[in-house]
Amino acid sequence: MCGIVGAVAQRDVTPVLVEGLKRLEYRGYDSCGVAVHADGQLRRARSTSRVAELEREIAADQLQGFTGIAHTRWATHGAPATHNAHPHFSGQSRGNARIALVHNGIIENHDELRAELEAAGYVFESQTDTEVIAHLVDHLYTDDLFDAVQQATRRLEGAYAIAVFCQDEPHRVVGARQGSPLVVGVGRNENFLASDALALAGTTDQIIYLEDGDVVDLQLSRVWIIDAQGQPVDRAVHTVHIHTGAAELGPYRHYMQKEIFEQPRAVGDTLQDIQTITPELFGDGAYKVFNDIDNVLILACGTSYYAGLTARYWIESIAKIPVNVEIASEYRYRDSVPNPRTLVVTITQSGETADTLAALKHAQRLGMTHTLTICNVSTSAMVRECKLAYITRAGVEIGVASTKAFTTQLAGLFLLTLALAQVKGRLTDAQEADYLKALRHLPVAISAVLALEPQIMAWADRFASKENALFLGRGMHYPIALEGALKLKEISYIHAEAYPAGELKHGPLALVTDQIPVVTIAPRDELLEKLKSNMQEVRARGGELYVFADADTKIVGSPGMHVIRMPENYGKLSPILHTIPLQLLAYHTACARGTDVDKPRNLAKSVTVE
C-alpha cells in the first residue's frame, strides 16, 4: 500500500527521492518522509501533509545527501501522525541515530519483538510495527549492515519490503522483500530501490524485480542479491520503458477524470487489433490447459472481484463452463472442495495484491495447477506465478478509484470467454466474427458514452447533497451496479449499496424515500420488462429513479423518473458500456462535494497487505 524509494549515488539524491514519492503518492498519502546520510549523520524530514509540502520542508532545511531513503505511507499500525511517519531511526541512545529504515507491509509478530527489544533497552517513539524492524536491525548490527538485515528478516513474520541505511556505512543501502513488491534500479555508478518501477521513471530504465526472500545490497557500482536460502543469485535486468507522461495530469482536473477519458485508448490497446480468437492469446500451452479444464474459479478483490462476477455471466452463457467467483481474502480461510480440472483465474491491476496472491498459492497447494491471470503489469509477481496470462494495456493508473483498469479487465475476460468457448466447440465462425466486430467497435462506443458527461454532471449536482444511494441492476449488469456503488462511496463518501433489482421487495425497499436516489441500469435485454416492474416498485414508494437506459427501451422521463439514454444497445458487451456513466456520476458527484477525488480518505491504490 505504501511507497518506497531508495538511492545511493555520487550526487545529491534528494531530488530523485522526492520525485519518486510524487509518482508513488497514490499508494499512500497519510504521511511521507525522507532520510539522507548528510555530513556523517542521518537527517530526515517527515510530514503528515502531501509530498509537495514535504518538498518545501526539505528545501527549507537544505536537506541533501548522497545516500537516502524515502516513503509515503498508508497507515496500518498507528494513526497518521509525524511520530508514526517513516523513515524510522534507531540507535539514538548512542548519540546520533545509526539506522534509518522504511517499510511496506505488516509484521505479524511485532508485539513479541517489541517486548524483546524493550527488554534490551530500546525506547519506542511510535505505534508502528516498522519501528520494531529498525530497532531489530540496530540490535543485530555489528559492522555489516547487510548481515544485520539478513539476520533481522529471519525473525520477521508477515509481509514486508524494506530499505535501510546506516550512519557507519555511507554509500550503501540494503533492501529485502517478502510478500510485498520491491525493485532495483540499476544506474551508472549509482543504484536505486523502489516499490514500483514507476518511481524511477526518468532516472533509470534498467530494472531488477526481486523475488520473495531476496536481500539486496546496493552500493555505488555493485548490486548483490541473496535469495531466501542465503545463496547469491543473479536476477535478470529488464529494460522497462515507462512513459513519464502517463503520470502527468495534462488538461484534466483530476487523474480519475483523465483515466476515465483514456478508456477508448486503453481498451483498444488491450484488444491489440486481434483478428482471430486463439487460446495462444493467453500463452503457450493454453489450448491444452483449456481443453483439460471443466470449471473455472475466479479469485479477486474489490473492483477486480466485480469484473470476475461479470465474467461468470459471460463464461457460463457463451462457453457453457461452470464458474465460481471468490473474494480472494476469504477464499483461503475456508474449507473448499478442490478440483484439479479447475482453471484458476486471478484478476488484479497491479499483480501484487497480497490477498489474491495468497489465494492463488492456496489453490495451487490444493492441487489446482491450471492458473491464469488477467493483469496490467507484465513483470508482476502474479504473472510470474501463473502459467498463463493476459496482459491488459491500461497503462499507469494513478487515481485510487479504478476506472480504465476495470474496463480493460472486462475486455480481457471477454476474450478469455471466447477462447474457452472455441476450445470447447461452442463458438461458431459466424459468432466469432460478430464478437470480434463488436470488440473492435468498443473504443468508438465508449467515446460515444463519454459524450454524455454534461448530462451526468447535472445529475451529480443533485446527488451532492445526498448521503445515501441505491444502485440496481439485473443479470450481468448487477455486478456493474456493484461497481457503480463502490465508485460513489469511494470518492464522494456517500453511502451506496447495490442490489439485484428483483431483491428490492425482499428488504431494501424499506429504505426507499424521496431522499435516496435509486440509480438503475436498464439495457434492452431479456430482463428489461422485469426491471421495469422493479422500477415501478420504487416509484410507488415515492423514490427518485435515475436511469441509464438503452435508446430502444421505451423508458421515458417523468416526475421522479430521470433518464439518460445510452447511444446504442451493445448486447453481451453492454456491461462495459454501462460502466462508463457510473464512473462519471461518481466523479462529478465527488467534485461537487469537494472531496479529494484522486486520494480518497483511508484508501490507497496498490493493496499489498492483508
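Determine whether Gln422 is more than 27 Å from Val597 (Cα to Cα), polar (S, T, N, Q) and either at pLDDT 95 or above or outside any helix (DSSP H, G or I) (or both). I'd like the intermediate steps shown before the answer.
Details: more than 27 Å from Val597 (Cα to Cα): yes; polar (S, T, N, Q): yes; either at pLDDT 95 or above or outside any helix (DSSP H, G or I) (or both): yes.
Here the answer is yes, as Gln422 does meet what is asked.
Count, please, the residues in the stretch 504-559 that happen to be among the acidic types (Asp, Glu) and within 11 Å of Arg474 (Cβ to Cβ).
Of the stretch 504-559, the ones among the acidic types (Asp, Glu) are 514, 525-526, 529, 537, 544, 550, 552.
Of the ones still in play, those that are also within 11 Å of Arg474 (Cβ to Cβ) are 525-526, 529.
Counting residues in the stretch 504-559 that are among the acidic types (Asp, Glu) and within 11 Å of Arg474 (Cβ to Cβ) gives 3.
State whether one or more residues within the stretch 378-387 are among the β-branched types (Val, Ile, Thr), over 26 Å from Asp292 (Cα atoms) and in the same structural domain as Ala307 (by TED's automatic domain parsing). Talk me through it step by step, then tell me what you get.
Kept after step one, since they are among the β-branched types (Val, Ile, Thr), are these residues of the stretch 378-387: 379, 383.
Narrowing the set further to residues that are over 26 Å from Asp292 (Cα atoms) leaves 379.
Subsequent filtering for residues that are in the same structural domain as Ala307 (by TED's automatic domain parsing) retains 379.
Yes, the stretch 378-387 contains at least one residue that is among the β-branched types (Val, Ile, Thr), over 26 Å from Asp292 (Cα atoms) and in the same structural domain as Ala307 (by TED's automatic domain parsing).
I'd like the full set of residues that are assigned to a loop (DSSP other than H, G, I, E, B) and in contact (Cβ under 8 Å) with a residue 60 or more places away in the chain, limited to the stretch 569-595. Talk me through it step by step, then tell me what you get.
Initial filter on the stretch 569-595 (assigned to a loop (DSSP other than H, G, I, E, B)): 569-570, 594-595.
Residues satisfying the conditions are Tyr570, Thr595.
Just wondering, is there one or more residues in the stretch 347-364 that are out of contact with any Lys or Arg (no Cβ under 9 Å at 6 or more places or on another chain), assigned to a helix (DSSP H, G or I) and among the charged types (D, E, K, R)?
no
Could you tell me which of the residues Asn339, Asn295, Asn324 is surrounded by fewer than 24 Cβ atoms within 10 Å (Cβ to Cβ), over 21 Å from the mean Cα position of the chain (by Cα), touching a residue at least 24 places away in the same chain (Cβ under 8 Å) and under 30 Å from Gln178 (Cβ atoms)?
Of Asn339, Asn295, Asn324, the one residue that is surrounded by fewer than 24 Cβ atoms within 10 Å (Cβ to Cβ), over 21 Å from the mean Cα position of the chain (by Cα), touching a residue at least 24 places away in the same chain (Cβ under 8 Å) and under 30 Å from Gln178 (Cβ atoms) is Asn324.
Could you give every pair whose Cβ atoms fall below 6 Å, whose first residue belongs to the stretch 226-239 and is within 19 Å of Ala148 (Cβ to Cβ), and whose second residue is among the small types (Gly, Ala, Ser), counting only separations of at least 6 or pairs across chains?
Pairs that qualify, where the first residue is within 19 Å of Ala148 (Cβ to Cβ) and the partner is among the small types (Gly, Ala, Ser), are Asp227/Gly213; Ala228/Gly213.
Name the one entry in Leu24, Leu17, Leu54, Leu63 that is within 23 Å of Glu169 (Cα to Cα), hydrophobic (A, V, I, L, M, F, W, C) and assigned to a helix (DSSP H, G or I). Steps first, answer last, please.
Working: Leu24 fails: within 23 Å of Glu169 (Cα to Cα); Leu54 fails: within 23 Å of Glu169 (Cα to Cα); Leu63 fails: assigned to a helix (DSSP H, G or I).
The unique qualifying residue is Leu17.
Tell me which residues, restricted to the stretch 53-83, are over 25 Å from Leu182 (Cβ atoms) and either without any contact (Cβ under 8 Å) to a residue 12 or more places away in the chain or buried (at least 19 other Cβ atoms within 10 Å of the Cβ) (or both).
Passing the criteria: Glu53, Arg56, Ala59, Ala60, Gln62.
Every residue in the stretch 319-359 that is modelled with pLDDT of 95 or more and among the aromatic types (Phe, Trp, Tyr), please.
Result: Tyr331, single match.
Which residues, counting only those in the stretch 208-225, are among the hydrophobic types (A, V, I, L, M, F, W, C), at pLDDT 95 or above and in contact with a Leu (Cβ under 9 Å, 6 or more places away or on another chain)?
Val216, Leu218, Trp224, Ile225
In the stretch 456-472, which residues are within 10 Å of Ala592 (Cβ to Cβ) and among the basic types (Lys, Arg)?
Of everything in the stretch 456-472, just one residue is within 10 Å of Ala592 (Cβ to Cβ) and among the basic types (Lys, Arg), namely Arg462.
In the list Arg56, Arg50, Arg73, which residue meets the criterion of being over 23 Å from the mean Cα position of the chain (by Cα) and basic (Lys, Arg)? Don't jump to the end; show me each part of the working.
On the way: Arg50 fails: over 23 Å from the mean Cα position of the chain (by Cα); Arg73 fails: over 23 Å from the mean Cα position of the chain (by Cα).
The match here is Arg56.
Any idea which residue in the stretch 513-552 is surrounded by the fewest Cβ atoms within 10 Å (Cβ to Cβ), counting only those that are at pLDDT below 85 and touching a helix residue (DSSP H, G or I) at 6+ places or on another chain (Cβ under 6 Å)?
Leu527
What is the residue count in the stretch 237-283 for residues that are over 30 Å from Lys387 (Cβ atoms), modelled with pLDDT of 90 or more and either assigned to a helix (DSSP H, G or I) or touching a Pro at 6+ places or on another chain (Cβ under 8 Å) (or both)?
Result for the stretch 237-283: 8.
The values are calculated or read from the model by the stated rules, or taken from the named source; none is laboratory data. The structure presented is a predicted model; accordingly, all values stated were derived computationally and were not measured. In this analysis, Cβ positions are derived from the backbone assuming ideal geometry, glycine residues included, and neighbour counts consider all displayed protein chains.
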